[in-house]
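To start, the structure under review is shown below, and the notes come after it.
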Number of protein chains: 4
Amino acid sequence: MKPTAILLLNCPDRQGIITDITKFITDNRGNIVYIDQYVDKDNAVLFMRLEWELEGFLIPRDKIAEYIDTIFTARYELSFNVYFSDVPPRMAIFVSKQSHCLYDLLARYKAGEWNVEIPCIVSNHEDLREVADQFGIPYYVWSVAPDHSNKAQVEKEEMELLRRENVSFVVLARYMQILSEDLIAAYPHKIINIHHSFLPAFVGAKPYHQAYERGVKIIGATSHYVTGELDAGPIIEQDVVRISHKDTPQSLILKGRDLEKIVLSRAVTKHIERKILTYHNKTVIFG
Amino acid sequence: MKPTAILLLNCPDRQGIITDITKFITDNRGNIVYIDQYVDKDNAVLFMRLEWELEGFLIPRDKIAEYIDTIFTARYELSFNVYFSDVPPRMAIFVSKQSHCLYDLLARYKAGEWNVEIPCIVSNHEDLREVADQFGIPYYVWSVAPDHSNKAQVEKEEMELLRRENVSFVVLARYMQILSEDLIAAYPHKIINIHHSFLPAFVGAKPYHQAYERGVKIIGATSHYVTGELDAGPIIEQDVVRISHKDTPQSLILKGRDLEKIVLSRAVTKHIERKILTYHNKTVIFG
Amino acid sequence: MKPTAILLLNCPDRQGIITDITKFITDNRGNIVYIDQYVDKDNAVLFMRLEWELEGFLIPRDKIAEYIDTIFTARYELSFNVYFSDVPPRMAIFVSKQSHCLYDLLARYKAGEWNVEIPCIVSNHEDLREVADQFGIPYYVWSVAPDHSNKAQVEKEEMELLRRENVSFVVLARYMQILSEDLIAAYPHKIINIHHSFLPAFVGAKPYHQAYERGVKIIGATSHYVTGELDAGPIIEQDVVRISHKDTPQSLILKGRDLEKIVLSRAVTKHIERKILTYHNKTVIFG
Amino acid sequence: MKPTAILLLNCPDRQGIITDITKFITDNRGNIVYIDQYVDKDNAVLFMRLEWELEGFLIPRDKIAEYIDTIFTARYELSFNVYFSDVPPRMAIFVSKQSHCLYDLLARYKAGEWNVEIPCIVSNHEDLREVADQFGIPYYVWSVAPDHSNKAQVEKEEMELLRRENVSFVVLARYMQILSEDLIAAYPHKIINIHHSFLPAFVGAKPYHQAYERGVKIIGATSHYVTGELDAGPIIEQDVVRISHKDTPQSLILKGRDLEKIVLSRAVTKHIERKILTYHNKTVIFG
């Protein structure tokens, strides 16, 4: 695979924009290897993902964002980001006591499925240090006091770690602690959570018990970006599994684990591939 | 297929009950062709479905319920119903303007998929009379005034029709009118509704618009028995379909129709087969 | 909805093609409302679907194909088709004795779900004439003799009907007769069949019995374009449903019917929307 | 959970058998906590799973099988096995180079999801020794020579290991070597394989490449017991995932991995729970 530049953009939908952007790439000798777009007609917004080979492209890679900004931002009211396929994102994982999502993430990482680096794992418990050690990844524990008296201090130190490690996004792999506004604001639509229900059904605590009480015939899991409102951020991926009256809360928890790890990993895959745009608290996910 | 008796029962779970019931059937020369049971351990309740051939059974069919009542009700605090496979249930269908569920029900009926009789279709609109005529089924229209001034009278006449036609259960095939407590009380857990969302997500009106607003990646449909609380009765069947950011409320409505008709028909099938027990606002559904 | 032109094309993948085509539309004042493309990297082939509003477009609609041909065909080795959203395709339905797919197609047609015309239904049996009559669509029966002595003559008359009715594509809605090479050749990748298995498993006759014998835990249905080789044409859509050891061939047939009608209707929807391209015996299906 | 005895049986379907067996348990003061049965009407065979608490049961655990044999085997032509919930099965895992299934199995084992012991991991390659070491499980490597000259010797040593470790069943977690008849015969319906296709589609090598070539819209995975015929043993579990024309053989392999590990683990779960009976090359799986 030759290194590529990836452009993710959105702007008001206007005639000519697709032509202009593709012409800009082609005129500068970029070989386009991926183009996909979507127009939200209700809001008249265009979303686009373009990927082209850097080899032979006339604009040096450290000037690409500047050029796009100069040429298009004012003209088309463009919002955009440029990424490079040979600069992998850096992912921090937050965990508590349950290991299934963590193992799933690390097994993929170890098998080389993802173009990603994992500089650190953060937890509020010691329980999973052994798993981190198995995979040779630094494990940091900060305990929040029951009265939350040290929570501000803890999050300050966590954010310092994330900055020091140049983390580009965070994965909450069944992290059982609510993040403060500050941490969320520092990583807008860059913190991926897995909620163990088919949102918006069963928001909040103990969703499998809620599902059992309601007598649903299908349970689900939802990965979403974290926002200030609990379990209400943009949904990235969902999946479900069929259950029956024979299931107990305990069997739902076991069946749900398989959903959780798959749904979380699919979301992480899309994020690593830079295929997600967010808008109006929803996601546009390119194929 | 030889005629069978079907016994659906539930009672407090107690040692010996399964043996006693099966022994009762066998001792009276009933050939058991189906036995399934389920114990809700949390509530220590046993649910059971037994089916045996009437041919050669020593107790006459009109005495079976009486015998079971005498022998078991007091001893095991039994709740039960006896049905006969050669006495098909009689199903009334309530519709409004949308035809997809109605066509699906009637096409199955016409093809002989179900052991059921359909004596009448009831509506609050004239729109689907043509469909009823196509299939030769009487179609009754009662319009409820916008101020609901005649609603009590309308439901009284509807209930008279249901009684006159000896209707055993009612199917609301996208019937866009809320039933009164009286009608619901007259058919407890015998009115099947199809709600066009994955309940308990998106209760109430316009669920596809709600799903679109929330940006979910999967939509669903739910069939349930109607109770006094809106969209909160025992769930019989649910299914889902994957959607994407490209879907509009309009495309969700179209995709949802396929779900609605399949999910409703699966619930109706189970009800006709007498395979559903309800308890604590949940269903036990035998395979 | 304003009338649009739809361009479906494929060609060897070459730098600049996307820019050139979109520039052609934009330069001639066409407002692009849909663009999607896909590159098969193994074979270096580009597939593209473009849709733009005819209003204000400088090239008259009856000249569009000619212009595209002149400008692009030689230069890019283009294969393409142009359709207009206000010229609905004309669909013939072939049936035998089973009604479930036919009812499903006609109920959608009647409800106005599809931008399509249905000038005729063709059968080798009288059984479903009643259904065609219900919906007021002409029903033609040609019986093929057991020794196939009149098969050539029958197909000749059928093809005359299709030509006379200006049929653009054919749907085999559980049509239990193998088409001859001539009829298939006259409608290349324009005859949609529904096969009642998850192809390529269980090719040929009685697939549900084959599935039962093999003890699979999931059954499927497959819609595909008909080619000279039985059940081997380009697959358009597939879906599955979970079964268990309790299922009999008869219950598989009933469960399969729901799959068959949904899978067939999804394929027909995509075909009517002109969103399918075929290549190397596979389909590219735009979203 | 109190210790239980589990009885899995099959026999010709005959009147009275269910009553007799449950009466035998109840008369001997066994508290039945699970009963499920299934009758294959085509072959007139009854399958049954019974579980009762050992506490208070009048027959000592080491005599239970003998009593059942004496009382029922001749009378009902019974085939049966008795297991005890406090005697966990011992599972050997065979692997080659791919780690995803192995990690999934070991992560569940480590998290205590399963009532199982894993005394050894066997491989034909050194690659996954590191994973076995992470979890502290002995790892044995036997390399088969390219000319298979030492294959008989290798399998002899493997079987000695299995016997020495008292292994009750074997899981082939993407083990890329065909077992000989001897090893298969030593563990009849006790070797679980995961095949990376929706069997019987795409038997044999490189099923994802086969699926890509055929252009299917859904791929699957199948877990089954190994028999003498390749990929043709009794199917335990299958699942599928939707794909599109955009998928390449490489992306199918990645998507397939998620299926493989889930489908294999579901099969292993059912086997560990002693909920599977086999008959006529099919499985009966209790819920």
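Of note:
- Residues in the range D:22-51 that are aromatic (Phe, Trp, Tyr) and in contact with a strand residue (DSSP E or B) (Cβ under 7 Å, 6 or more places away or on another chain): D:34, D:38, D:47.
- Under the condition of being more than 9 Å from chain B (Cβ to nearest Cβ) and in contact (Cβ under 8 Å) with a residue 12 or more places away in the chain, the residues counted in the range A:228-238 number 4.
- Scanning the range C:27-84 for residues that are within 26 Å of the chain's Cα centre (by Cα) and among the charged types (D, E, K, R) yields C:36, C:40, C:41, C:42, C:49, C:51, C:53, C:61, C:62, C:66, C:69, C:77.
- The range D:73-90, residues that are within 12 Å of residue D:12 (Cα to Cα) and not charged (D, E, K, R): D:73, D:74, D:76, D:78, D:79
- Segments classed as helices (runs of 4 or more DSSP H), wholly inside the range C:169-287, with at least 3 members that are open to solvent by less than 30 Å² (accessible area, probe 1.4 Å): C:207-214, C:249-272
- Test: residue in the range A:51-72 that is under 23 Å from residue C:49 (Cβ atoms) and either part of a strand (DSSP E or B) or more than 9 Å from chain C (Cβ to nearest Cβ) (or both): yes
- Qualifying residue in the range B:180-188 (condition: within 14 Å of another protein chain (Cβ to nearest Cβ) and either touching a residue at least 60 places away in the same chain (Cβ under 8 Å) or among the β-branched types (Val, Ile, Thr) (or both)): no
- Hits in the range A:35-74 (condition: under 30 Å from residue B:251 (Cβ atoms) and either in the same structural domain as residue A:273 (by TED's automatic domain parsing) or open to solvent by 40 Å² or more (accessible area, probe 1.4 Å) (or both)): A:41, A:42, A:43, A:44
- Within the range A:15-50, the set of residues being farther than 19 Å from residue C:48 by Cβ and within 10 Å of chain C (Cβ to nearest Cβ) comprises A:24, A:27, A:29, A:41.
- Residue A:6 β-branched (Val, Ile, Thr) and within 11 Å of chain C (Cβ to nearest Cβ): no
- The range B:1-30: number of residues that are part of a loop (DSSP other than H, G, I, E, B) and surrounded by fewer than 18 Cβ atoms within 10 Å (Cβ to Cβ): 8
- The condition of being in a loop (DSSP other than H, G, I, E, B), out of contact with any helix residue (DSSP H, G or I) (no Cβ under 9 Å at 6 or more places or on another chain) and surrounded by fewer than 18 Cβ atoms within 10 Å (Cβ to Cβ) does not hold for residue A:88.
- Residue that is over 14 Å from the mean Cα position of the chain (by Cα) and in contact (Cβ under 8 Å) with a residue 40 or more places away in the chain, where the choices are D:212, D:225: D:212
Yes/no per residue for (1) on the phi > 0 side of the Ramachandran plot; (2) open to solvent by 30 Å² or more (accessible area, probe 1.4 Å); (3) in contact (Cβ under 8 Å) with a residue 40 or more places away in the chain:
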| residue | (1), (2), (3) |
| --- | --- |
| A:112 | yes, yes, no |
| A:116 | no, no, yes |
| A:129 | no, yes, no |
| A:140 | no, yes, no |
| A:147 | no, yes, no |
| A:153 | no, yes, no |
| A:161 | no, no, yes |
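- Taken over the range D:77-123, the criterion of being within 14 Å of chain A (Cβ to nearest Cβ) and among the charged types (D, E, K, R) is satisfied by D:97, D:104, D:108, D:110, D:113.
The values are calculated or read from the model by the stated rules, or taken from the named source; none is laboratory data. Source: prediction; values computed, not measured. All Cβ positions, even for glycine, are placed from backbone atoms using ideal geometry, and neighbour counts span all protein chains on display. SASA here: full protein model, heavy atoms, side chains in, ligands and nucleic acids out. Shrake-Rupley method; radii C 1.70, N 1.55, O 1.52, S 1.80 Å.
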